[in-house]
Amino acid sequence: MADDRILCLEKLRVETIAGRVLVDDVDVELKRGEILGLIGESGAGKSTIGLASMAYARAGMRITGGTITLAGTELRASTALYRRHTRGKSIAYIAQSAAASFNPGMTLMDQVCEAPVVHGVMGRAEAEVYAKKLFRTLQLPNPDTIGDRYPHQVSGGQLQRVMAAMAMSCRPDVIVLDEPTTALDVTTQIEVLALLRDLIAEFGTAGLYITHDLAVVAQIAHRIMVLRHGKTIECGDTVQILEHPRTDYCRALVNERRDAEHLTLSVPDRAAPPILRVRDVTAGYGTAAAARNAVAVVKNASFDLAKGETLAIVGESGSGKSTMARIVTGLLPRWSGDIELAGKSLPPALGRRPNDILRRLQMVHQMPDTALNPRQTLAQIIGRPVALFFGRGRAEVRARVLELLRLVGLPEEFADRKPGQLSGGQKQRVCIARALAAEPEVIICDEPTSALDPLVAEEVLKLLKGLQDRLGLAYVFITHDLGTVRRIAHRTAVMLKGEIIAQGPTEQIFSPPYHPYTEKLILSVPEMHTTWLDEILQKRGGAAGLVAGAAERPAEVTPAARAAAADAGAVAETERMAAREVLGEGRGAAGLEALQTEVRNLKGMMEI
Amino acid sequence: MILSRIGLGLLTLLVVSIVIFVLTQILPGDTATSVLGQNATPETLAAFRHELGLDRPAALRYLAWLGGVLHGDFGVALTNKQDIVEVLGPRFRNTLFLAGYAALMALPLAVGFGILAAIREGRLTDRLANIVALLAISMPEFFVGYLLILNLSVNHEWFPSLATVGTDTPFGERVWAVTLPAVTLTFLVTAHMLRMTRNSVLSTMSTAYVEMAFLKGLSRARVVTRHALPNAASPVISVIALNLAYLVVGVVVVENVFTYPGVGQYMIDAVSKRDVPVIEACGIVFAGVFITLNTFADVMAIVLNPRLRHPR
């Protein structure tokens, strides 16, 4: 029994330097070849435990108690040199963000081969041969030459697979997977998940799988441990946790996920004329004059939004859904087409829109952390639009601020706090209050819940829905999460490569006959039973078909074409490459980062 | 990309030349009044101006001058009729010699201690390096200069107090003579480069890929040299370029303290005499050094960026 355990953490305790307890007396046992899922919200201490199992603590943290036994040797009592030599060799790590976890200045092969060479497991030549074998196992394109590339030259999904190869390069006993698929699009996620699962099974590696997504962990873990505030809440067999959770907290987590699988809203009475009309809008980065060289990010998009209605815009990263938000708000002037608010055409650029239009069209951002000025009190943040748009006096503004705080479910005392003293969910409520302060008719919500933990996100969604019923607000709700769409959207528009390929009542979009791409999206969302991944793989004709047909192909692929691709592996390979070219897929970390930075900057500008 | 950067540098140089020319025109008084003095009659002034070509329109004079510069001819000094290139050449070499000498001391010192401070963040080495560097930059350069003269040449007579060198001074002697001003300059520029190196290395040390490198079980030395340093280089290089430029351009006071025959002294002389061609020549040379070094830093930043070196 004891020999069976490869990793054993007993009474593990991790604190910050200041003495705050992050992980409190947690016991973890991992048998050879077993996968344990660590589930919890942010701040539950799951990543800290993952790193602690490598006897590693991030800057500002310390492992202060307990034992860490890896393959029979207690690490805390060992020398620093011994600990260093277990890392990468006996226990390896796969991080969430592959883009950030690769050195931008080294080739992939150099980074994959580094650990085996440094640890003396293999010589460089042997390590390269082995790495290529791993690349092949992980179904990376051009396994023999992809190692010569730099991180920015491959896509996010590919980079995540290269990181898996890097982790396996020394054939470790244990592998720590820290949200390895969270940063990926849903369609890429299943592909990487399936490959990771097969890889781990093939090598008999034990794994700690850290995630916040119960449905994901259900596909891969034998057992699940639920954590909260650094303590173990519940630990048990995967099926038991999913089917018969013992604690209230687990039940809430499971139910939240189950809710996401059902449709809750139906289309309201659409007698009302649309408040927001978007007609044939095309825009991209660069000016219209330079449009010949620039690429349109959104092409010929049209939609209507009625008073009191929520329209969800869904799509994967790069589909142009956030750009759509920027076009409507005027942050990115449209090249052509028309946008009408209550029957009046809006000037394309933000700077040319009169105050009254700015007031009626508000926005809530994805990252509440960066959308609030950390040096202002909530009263200043929320009071600003009140003073700006309505020119009220001090006392009146104050009264309105308190009213708004109540409206979004925050206590009045919060008025004099600063954003740093609030949790993520509370910050997002402040953002909503700020939007409401302008008494808008339309609010553009750009992924307002995707940075929040599931239970907190659910509360924010409820708040948004409640406000809509009470104030008759119309939402354009941009998200990549179909569960959120099901819960909040009356109507849904699906975007792919800058075009709206399907739109209609949410009910209709989510029921057959589907548009092929919508179907792919729906099928890619993990469901809360352990056999989902196998079923979906089978449906798609094995992992090869999945990779070739589902994840990287444009929407026009029919099931027949998919089956054909699965049959002819070599053909699929070439097709996949071609598809990637077409999609411009894997625009890579560089472009994405630059884009995100730019978006943040622009958001920042709008805050001012 | 690199070519456009260089083109931009040249354009900047052109703009700088115009600005210098315009500024010298705005200065009160002209060469004629300052050479002939307050008592000169208007007639002599006019004659003198005509002789120097000062009565031509400013734009014409600028263009004529620019044409000369492009052929390597900076004209003659108005005051003593000496060919500017002949005077400026050896002086510029002297300035470059002093700057190069200082750079040879300051660069390894700054980068070395910067990296060391980053590795030993928060510990004694780090704090000491920072404090000493800050002290050095906080003291005015003439103060440092005189302090060095007092201690090392008056009290101990190890180094000469005056850095007077001629064109025929042998190399060894030249080095010896220039040591004190070079040390003074090192005091000035080290702190900035040291801090930038330290902070840049530290910020790459907190990236996810450096954490990943540690989790792969690499030694600290390997993580720093292979993963942190190459990615920390770009901002450091641009700061180094700025400081090297300062070594050439900002030596005026130090040259004065040590009566070193460099460009700075020549320029100050010219300014006091309103000798426009000399001022312009010195300005262009300084601007040229500045822009060349900065363009070099920009080009290096492009070359060092794998995203630009290996496009998709």
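Taking the condition hydroxyl-bearing (Ser, Thr, Tyr), within 21 Å of residue A:185 (Cα to Cα), out of contact with any helix residue (DSSP H, G or I) (no Cβ under 7 Å at 6 or more places or on another chain) and outside any helix (DSSP H, G or I), does residue A:450 pass? Considered against the rule, which asks whether it is hydroxyl-bearing (Ser, Thr, Tyr), within 21 Å of residue A:185 (Cα to Cα), out of contact with any helix residue (DSSP H, G or I) (no Cβ under 7 Å at 6 or more places or on another chain) and outside any helix (DSSP H, G or I), residue A:450 comes out as yes. Of the helices (runs of 4 or more DSSP H) lying entirely inside segment B:260-312, those containing at least 1 residues that are closer than 30 Å to residue B:76 by Cα, out of contact with any His (no Cβ under 6 Å at 6 or more places or on another chain) and away from chain A (no Cβ under 14 Å) span B:263-272, B:276-304. With respect to (1) free of Cβ contacts under 8 Å to residues at least 40 places away in the same chain; (2) out of contact with any Asp or Glu (no Cβ under 9 Å at 6 or more places or on another chain), the lone exception for residue A:384 is condition (1). Outside any helix (DSSP H, G or I), at negative phi, under 20 Å from the mean Cα position of the chain (by Cα) and more than 9 Å from chain A (Cβ to nearest Cβ): does that describe residue B:182? It is false that residue B:182 is outside any helix (DSSP H, G or I), at negative phi, under 20 Å from the mean Cα position of the chain (by Cα) and more than 9 Å from chain A (Cβ to nearest Cβ). The criterion of at least 3 residues that are of a type in the set (Gly, Ala, Ser) is met by the following strands (runs of 3 or more DSSP E) wholly inside segment A:294-384: A:296-306. Look at (1) in a loop (DSSP other than H, G, I, E, B); (2) more than 9 Å from every other protein chain (Cβ to nearest Cβ); (3) of a type in the set (A, V, I, L, M) and you find that residue A:36 fails only one, number (1).
Considering segment A:139-165, the residues that are hydrophobic (A, V, I, L, M, F, W, C) and within 22 Å of the chain's Cα centre (by Cα) include one that is surrounded by the most Cβ atoms within 10 Å (Cβ to Cβ), namely A:163. The residue of segment A:39-74 that is farthest from the other protein chains (Cβ to nearest Cβ), among those that are within 30 Å of residue A:425 (Cα to Cα) and either touching a Pro at 6+ places or on another chain (Cβ under 7 Å) or in a strand (DSSP E or B) (or both), is A:39. The selection criterion, being among the hydroxyl-bearing types (Ser, Thr, Tyr) and part of a helix (DSSP H, G or I), holds for residue B:200.
Yes/no per residue for (1) in a helix (DSSP H, G or I); (2) of a type in the set (Ser, Thr, Tyr); (3) crowded, with 21+ Cβ neighbours inside 10 Å; (4) under 24 Å from the mean Cα position of the chain (by Cα):
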residue	(1), (2), (3), (4)
B:80	no, no, no, no
B:95	yes, yes, yes, yes
B:107	yes, no, no, yes
B:131	yes, no, no, no
B:143	yes, no, no, yes
B:150	yes, no, no, no
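Scanning segment A:304-338 for residues that are closer than 22 Å to residue A:356 by Cβ and either touching a helix residue (DSSP H, G or I) at 6+ places or on another chain (Cβ under 6 Å) or not assigned by TED's automatic domain parsing to the domain that holds residue A:495 (or both) turns up A:330, A:331, A:332, A:334.
Among the listed residues A:87, A:76, A:58, A:62, which satisfies the condition of being in contact with an Asp or Glu (Cβ under 7 Å, 6 or more places away or on another chain) and among the basic types (Lys, Arg)?
Testing whether each residue is in contact with an Asp or Glu (Cβ under 7 Å, 6 or more places away or on another chain) and among the basic types (Lys, Arg) leaves just A:62.
Please tell me if residue A:401 is closer than 23 Å to residue A:315 by Cα and modelled with pLDDT of 90 or more. Criteria not met by residue A:401.
Residue check: is residue A:409 surrounded by fewer than 21 Cβ atoms within 10 Å (Cβ to Cβ) and part of a loop (DSSP other than H, G, I, E, B)? Let's see the steps before the verdict.
Details: surrounded by fewer than 21 Cβ atoms within 10 Å (Cβ to Cβ): yes; part of a loop (DSSP other than H, G, I, E, B): yes.
Yes, satisfied.
Looking only at residues of segment B:41-62 that are under 39 Å from the mean Cα position of the chain (by Cα) and in a loop (DSSP other than H, G, I, E, B), we find that the one that is farthest from residue B:81 (Cα to Cα) is B:57. Could you list all residues from segment B:248-259 that are in a loop (DSSP other than H, G, I, E, B) and crowded, with 20+ Cβ neighbours inside 10 Å? B:251, B:258, listed by residue number. Is there a residue in segment B:102-113 that is in contact with a helix residue (DSSP H, G or I) (Cβ under 6 Å, 6 or more places away or on another chain), under 20 Å from residue B:263 (Cα atoms) and of a type outside the set (D, E, K, R)? Checked segment B:102-113: at least one residue is in contact with a helix residue (DSSP H, G or I) (Cβ under 6 Å, 6 or more places away or on another chain), under 20 Å from residue B:263 (Cα atoms) and of a type outside the set (D, E, K, R).
Every residue, every condition in (1) within 14 Å of chain A (Cβ to nearest Cβ); (2) over 30 Å from residue A:96 (Cβ atoms); (3) in contact with a helix residue (DSSP H, G or I) (Cβ under 6 Å, 6 or more places away or on another chain), yes or no:
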residue: B:207; (1), (2), (3): yes, no, no
residue: B:226; (1), (2), (3): yes, no, no
residue: B:232; (1), (2), (3): yes, no, yes
residue: B:242; (1), (2), (3): no, yes, no
residue: B:252; (1), (2), (3): no, yes, yes
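In segment B:69-78, which residues are within 12 Å of residue B:280 (Cα to Cα) and not in a loop (DSSP other than H, G, I, E, B)? Matches in segment B:69-78: B:69, B:76.
The residues on offer are A:199, A:214, and the sole one that is under 30 Å from residue A:509 (Cα atoms) and in contact (Cβ under 8 Å) with a residue 60 or more places away in the chain is A:214.
The values are calculated or read from the model by the stated rules, or taken from the named source; none is laboratory data. None of the values given here were measured: they were computed from a predicted structure. So basically every Cβ, Gly included, is an ideal-geometry build from the backbone, and we count neighbours across all protein chains shown.
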